[in-house]
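First the structure, in the form of structure tokens, and then the observations on it.
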Amino acid sequence: MSRSSRARKAEALAKTLLGMAALLALSAALGFIGYIFYRGAGYVDWAFLTQAPRKFMTEGGIYPVIVGTVYLTVWTALFALPVGIMAGIYLSEYAPRTVTTRIMRLAIANMAGVPSIVYGLFGVALFVIQMGFNRSIVAGALTLACMTLPVIITSTEEALRQIPTDLRHASLALGATKLRTIRKVILPVAGPGIITGSILGLSRAAGETAPILFTAVAFFAPIASGPLDETMALPYHLYIMATQSTKPAPNMVWGTAFVLVAGISMLNVVVAIWRSAQRRKIRW
Amino acid sequence: MVTNPTGSFDLENVSVAYGSETAVAGVSMHIVPQSVTALIGPSGCGKSTLLRCLNRMNDELGNVKVEGSIRFDGLDIMDNRLLDPVDLRRRVGQVFQKPNPFPMSIYDNVAYGPKTHGTRAKAELDAVVEQALKRAALWNEVKDQLKKHAFELSGGQQQRLCIARALATMPEVLLMDEPASALDPISSQQIEDTIAELKKSVTIVIVTHNMQQAARISDRTAFMLRESMDRPAGLIEIGDTRVMFTNPGDKRTESYITGRFG
């Protein structure tokens, strides 16, 4: 067999193998979403979305649970977004390249790898007990914020790194300060990327159980009247219905899973559409 | 028009170090106002590094140390109390090697500098933008489409936009770092024509690796060289361009100009 025909065969084989791997990954994702849709979607109707659970979660809907997750996510965003984005801007634009900042980056990267249950324990110790927030939306949101911070910081830095240095220098050479350069030139371009990355991090937090397990949620709670109340939340609701309920109600479980996955997917799709619209506007 | 020309530089024993490595050392020169000074020399000879000293852009690279004395119209530019980098850069503009317009409209690109330095009135901005675009010889091509995105312009137009953007803060000096090297010959020619026109009102210091270009557009030429990798680069000589290209004082200048190295 000639050299070139062997090379062509290897090329064809590689293409097939790589394509199959991609197909496998795609079908796993589609199969997963399809199955949740198949099991859960039929059970989700207007009543399920707007009523409170009844008879120990075996009947009724999940309205207060949805509201609880929205509260937790919004409070997490309030805590994590400003700090995370500002820290990312500092690290990318201001921090000198020293050993200290390198250690900081490493620590942040490591924080992203800490298991979420550890954040949960940390949250109990610091926010629930030490700071006296008790089991509350604030304590849960602060715990989720700690977990989400590294994602927000990293995606902020990543988005800022995409901006060519030339653009920064053009602004500085015109006599603009660093702050003005960031506000007028860098952020308009990097902003959509920063927001997208941050929302993806938040949507991850919205689906987490372990960090809120001991810090925010209750088996049953009415809709919170303030941030210091405890709350119900979709992932925890799913967990207790699947493990703790005496009378299993599989429809409730799958319906809840469907709502959680659909909610998060919708958030991600909306953000993706918004981002590409921003890109077109800025033409970057 | 200007009785007492401004925009002169006096460098005395200037050296630049990146970290622990000295890149350029012992440069002393006078830059004549309202003329074109070309910095020539092979790559790595410190031309761009020296250029960036004049608007303190080396400060932005981190870990760069500039020593010696640099006076701009007699003012020590290394002393923030005498001249803040913000004021220095308003008066000493820069055009970069690759066109780097901001991702915004033509108008907003040119208005960016004046707005930075406090011009707010629309009528005033309009006038400044028009004047800057005229001086950069771009006005006739873009006057009806100032709201157009800068990225829709050709490479040569983008570079003239960057010149207009730098001119809009009314600088006395324009630093140009190989401004035509990324452009086609026609755009390159347009930039050279613009420079010839501009030198009537501003001092221009231009880095170029193109010796024909240096000979065509400059009044004075400075030749820089790094003779060996374990020694910093330095200034070999500076003088009238015609003399430098016909009868250089130094053997090394002659070898470089006649194409024996570099």
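Between the amide H of B:Gly68 and those of B:Ser15, distances stay under 5 Å, these residues lying 5 or more places away or on another chain, with hydrogens modeled in the peptide plane.
Say we join alpha carbon atoms closer than 10 Å with springs in a Gaussian network model of chain A; which of A:Asn110, A:Asn268, A:Asn134 then has the biggest fluctuation? Maximum fluctuation in the GNM of chain A, among the listed residues, is at A:Asn110. Eigenvalues of the alpha-carbon gyration tensor of the stretch B:1-131, scaled by 5 and square-rooted, set the equivalent ellipsoid semi-axes at 29, 18, 15 angstrom, largest first. These residues, B:Ser188, A:Ser198, go from largest to smallest accessible area, 1.4 Å probe, as B:Ser188, A:Ser198.
Accessible surface ranking for B:Asp76, B:Asp193, 1.4 angstrom probe, highest first: B:Asp193, B:Asp76.
Per residue, the protein assembly as shown exposes an accessible area of 49 Å² to a 1.4 Å probe, with every protein chain left in place. Residue pairs exceeding 26 angstrom between C-alpha atoms, taken from B:Lys47/B:Lys134; A:Lys281/B:Lys122; A:Lys178/B:Lys200: B:Lys47/B:Lys134; A:Lys178/B:Lys200. For B:Glu237, the residues whose amide H sits under 5 Å from its own are B:Phe223, ignoring neighbours fewer than 5 places away on the same chain, with H placed 1.01 Å from N. In a DSSP loop and with at most 15 other Cβ atoms within 10 Å, the chymotrypsin sites (Phe, Trp or Tyr not before Pro) in the stretch A:1-92 are A:Phe56. Average 1/r across all pairs of distinct alpha carbons in the stretch A:61-282, invert it, and you get the Kirkwood radius: 18.9 Å. Normalised by the number of residues in chain A, the mean separation of alpha-carbon contacts (under 8 Å, six or more apart) gives a relative contact order of 26 percent. Using a Gaussian network model of chain A in which every pair of alpha carbons under 10 angstrom is joined by a spring, one finds that among A:Leu160, A:Leu72, A:Leu23 the greatest mean-square fluctuation is at A:Leu23.
Taking all protein chains in place and a 1.4 Å probe, what share, in percent, of the accessible surface of the stretch A:61-282 do carbon and sulfur account for?
Percent of accessible area from carbon and sulfur atoms in the stretch A:61-282: 68.
Please give the residues from the stretch B:100-115 for which the solvent-accessible area of heavy atoms, probe 1.4 Å, is smaller by at least 30 Å² with all protein chains in place than with the chain isolated. The answer is B:Asn100, B:Phe102, B:Pro103, B:Tyr112 - residues whose exposure falls by at least 30 Å² when every protein chain is included. In order along the stretch A:35-41, phi translates into HN-Hα couplings of 5, 4, 4, 4, 7, x, 4 Hz, rounded to whole numbers, per the Karplus curve 6.51 cos²θ - 1.76 cosθ + 1.60 with θ = phi - 60° and x for Gly and Pro. Computed from phi, the 3J(HN,Hα) profile of the stretch B:205-212 under the Karplus parametrisation 6.51, -1.76, 1.60 (θ = phi - 60°) reads 10, 10, 8, 8, 9, 9, 5, 4 Hz, with x in place of Gly and Pro.
Could you work out the relative contact order of chain B? I mean the mean sequence separation of Cα pairs under 8 Å and 6+ apart, divided by the number of residues, in percent.
26 percent
In the stretch B:134-179, the residues that give up 50 Å² or more of accessible area when the other protein chains are added, compared with the chain on its own (1.4 Å probe), are B:His149.
List the accessible area buried at the contact between B and A, summed over both sides and calculated with a 1.4 Å probe, in Å² to the nearest 100. Kindly include the intermediate steps, with their values, before the conclusion.
Details: alone 12270 and 16480 Å², together 26850 Å².
Buried area (both sides, nearest 100 Å²): 1900 Å².
The slack between A:Asn110 and A:Val270, meaning 0.36 nm per residue of separation minus the straight C-alpha distance, is 54.6 nm. Note on chain A: with a GNM built from Cα contacts shorter than 10 Å, the maximum mean-square fluctuation among A:Tyr119, A:Tyr94, A:Tyr63 falls on A:Tyr94. Working note: Karplus 6.51/-1.76/1.60 with θ = phi - 60° gives the stretch A:159-165 the couplings 5, 6, 5, 5, 7, x, 4 Hz, where Gly and Pro are set to x. Per-residue shielding of A:184-196, expressed as the average number of other chain Cβ atoms within 10 Å of the residue Cβ, stands at 1.
Cα axis of helix B:106-116 to longest principal axis of chain B: angle in degrees, 0 to 90, nearest 10? Taking the Cα atoms of chain B, the angle to B:106-116 is about 70 degrees.
Against the 2.2 N^0.38 Å scaling, with N counting residues, where does the protein assembly as shown land? I'd like the Cα-based Rg ratio to two decimal places.
Dividing the Cα radius of gyration by 2.2 N^0.38 Å gives 1.30.
Net charge dipole, chain B: roughly 340 debye, given to the nearest 20, about the Cα centre with Cβ charges of +1 for Lys and Arg and -1 for Asp and Glu. DSSP finds beta bridges in the protein assembly as shown, and of those with both partners inside it, around 60 percent are antiparallel.
The values are calculated or read from the model by the stated rules, or taken from the named source; none is laboratory data. What you see is a predicted model; the values in this text were computed from it and never measured. Cβ coordinates were reconstructed from backbone atoms using ideal geometry, including for glycine residues, and neighbour counts include every protein chain displayed. Please note that ligands, DNA and RNA were not included when accessible areas were found on the heavy atoms of the full protein model with its side chains. Shrake-Rupley method; radii C 1.70, N 1.55, O 1.52, S 1.80 Å.
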